[in-house]
């Protein structure tokens with residue numbers, strides 16, 4: 001296939017809505033949040049690795065916002081660790097879960113503090 005044929009094909013696919021980075025980023029972010037409990041940092045990193053433009057990534061991530069992200073992190077901790085304890089190792093484990101899922105470290109610390117306050 002010649003370069004011009006490829007360009008025409010890409011233009012047609014874009015025109016008909018089959019190639020839409022913004023839509024892909026929105027759906028990907030929503031799926032990863034709902035199905036895998038991923039945080040924004042991990043979603044952003046994967047979308048960037050897949051070549052999605054930064055504006056589409058930012059728009060997809062803005063849908064939840066910081067408060068929603070905190071609530072999701074806290075809900076994840078409550079599912080994974082139903083009974084918070086005062087043991088520092090449990091706090092480290094909880095923090096590790098959030099960091100691996102792709103939550104921002106400051107947000108993760110806040111969620112762990114809120115989760116552990118539920119024990120008091």
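The values are calculated or read from the model by the stated rules, or taken from the named source; none is laboratory data. Bear in mind the structure is a predicted one, so any value in this text is a computation, not a measurement. Please note: Cβ atoms are built from the backbone with ideal geometry, for glycine as well, and neighbour counts cover all protein chains shown.
Of all the numbered requirements in (1) over 28 Å from residue 116 (Cα atoms); (2) part of a helix (DSSP H, G or I), residue 18 misses one, and that requirement is (2). Please determine, by comparing only the residues of segment 82-96 that are crowded, with 18+ Cβ neighbours inside 10 Å and either modelled with pLDDT of 90 or more or part of a helix (DSSP H, G or I) (or both), which one is farthest from the chain's Cα centre (by Cα). Of everything passing the filter in segment 82-96, 91 is farthest from the chain's Cα centre (by Cα). If the condition is being farther than 20 Å from residue 112 by Cβ and either modelled with pLDDT of 95 or more or not in a helix (DSSP H, G or I) (or both), then segment 33-54 contributes 43, 44, 45, 46, 47, 48, 49, 50, 51, 52, 53, 54. Quick one: would you say residue 61 is surrounded by 15 or more Cβ atoms within 10 Å (Cβ to Cβ) and within 30 Å of residue 20 (Cα to Cα)? Yes: the conditions hold for residue 61.
Only residues that are over 25 Å from residue 73 (Cβ atoms) and surrounded by fewer than 14 Cβ atoms within 10 Å (Cβ to Cβ) were counted across segment 17-32, and they come to 3. When 40, 56 are checked against the criterion of being within 30 Å of residue 10 (Cα to Cα) and either touching a residue at least 40 places away in the same chain (Cβ under 8 Å) or in contact with a strand residue (DSSP E or B) (Cβ under 6 Å, 6 or more places away or on another chain) (or both), 40 stands alone in meeting it.
The condition of being surrounded by 12 or more Cβ atoms within 10 Å (Cβ to Cβ) and over 27 Å from the mean Cα position of the chain (by Cα) holds for only one of 9, 14, that being 9. Look at residue 75 and say whether it is outside any loop (DSSP other than H, G, I, E, B) and closer than 26 Å to residue 21 by Cβ. Against the criterion (outside any loop (DSSP other than H, G, I, E, B) and closer than 26 Å to residue 21 by Cβ), residue 75 does not qualify.
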